[in-house]
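Have a look at the structure below, then the notes.
The values are calculated or read from the model by the stated rules, or taken from the named source; none is laboratory data. This structure is a prediction, so every number in the text was calculated from the model and none was measured. Note that we place each Cβ from the backbone using ideal geometry, even for glycine, and neighbour counts take in every protein chain shown. Side chains are part of the model used for accessible areas, which takes the heavy atoms of the whole protein and leaves out ligands, DNA and RNA. Shrake-Rupley method; radii C 1.70, N 1.55, O 1.52, S 1.80 Å.
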Amino acid sequence: MKRNKWILILVILALAGVFGYNYIYKSHRDISSEKASFSITVGTLANDFKTDENKANEKYLDKTIDVNGTVTSFDSASNLIVIDEVLSATLLEKPNQEIVKDQNITIKGRFIGYDELLEEFKMDQVSIIK
C-alpha cells in the first residue's frame, strides 16, 4: 500500500512538472500568420476608445488587427512607424518597400494598448499588408 502511494505521488509530481513547464515555456504567437480579428481604420479605433475605453480594451487588446491609415512618420533605425499621428507601431522586420510620409498603408499586428498620457495607440509585431 505504501509503495502505491509513492507511485501515485511521483505520477502527480511528474504531471505537474510537465504542465508547469508547458505553461512557462509557451510557444510564441506568430502574429503575421494569424488571421486578423478586426480590419479597421485608425479613426474607428480612436472613436471606439473615445466612446467607451473599457469596452474597446476588451474588444482589441492583445488581438491581431489590420489597421489602415496614413503614414505620419517612419524611423528605419528603430522600425517604428506612426500612422495618423496617433498609432505607434513597431515593425517586426525591415520593410521590403519604401515607406514615405503621407502614404496610405495597411498594417497587421498585435494591439497592445492605449497610452493615455501620450494619447496614442500602440501595436507591436507589425507587418505591412499594403
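Tabulated results
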item	result
Residue list for the stretch 49-62, restricted to those being surrounded by fewer than 18 Cβ atoms within 10 Å (Cβ to Cβ) and not aliphatic (A, V, I, L, M)	Lys50, Thr51, Asp52, Glu53, Asn54, Lys55, Asn57, Glu58, Lys59, Asp62
Any pair with Cβ under 8 angstrom, 6 or more apart, that starts in the stretch 101-121 at a residue that is more than 11 Å from Ser88 (Cβ to Cβ) and ends at one that is of a type in the set (Phe, Trp, Tyr) and open to solvent by 40 Å² or more (accessible area, probe 1.4 Å)	Lys101/Phe74
Residues that are touching a residue at least 40 places away in the same chain (Cβ under 8 Å) and out of contact with any Asp or Glu (no Cβ under 7 Å at 6 or more places or on another chain), drawn from the stretch 66-86	Asp66, Val67, Ile81, Ile83, Asp84
Hey, Phe19 of a type in the set (Phe, Trp, Tyr) and either touching a residue at least 12 places away in the same chain (Cβ under 8 Å) or exposed (fewer than 10 other Cβ atoms within 10 Å of the Cβ) (or both) or not	no
Matching residues, the stretch 65-79, being of a type outside the set (Phe, Trp, Tyr), under 17 Å from Gln97 (Cα atoms) and in contact with a strand residue (DSSP E or B) (Cβ under 9 Å, 6 or more places away or on another chain)	Asn68, Gly69, Thr70, Val71, Thr72, Ser73, Asp75, Ser78, Asn79
Residue check for Val100: open to solvent by 30 Å² or more (accessible area, probe 1.4 Å) and touching a Phe, Trp or Tyr at 6+ places or on another chain (Cβ under 7 Å)	no
Filter result for Lys50 (modelled with pLDDT of 90 or more and within 17 Å of Lys122 (Cβ to Cβ))	yes
Matching entry among Ile65, Ile9, Ile40 (being assigned to a helix (DSSP H, G or I), β-branched (Val, Ile, Thr) and surrounded by 10 or more Cβ atoms within 10 Å (Cβ to Cβ))	Ile9
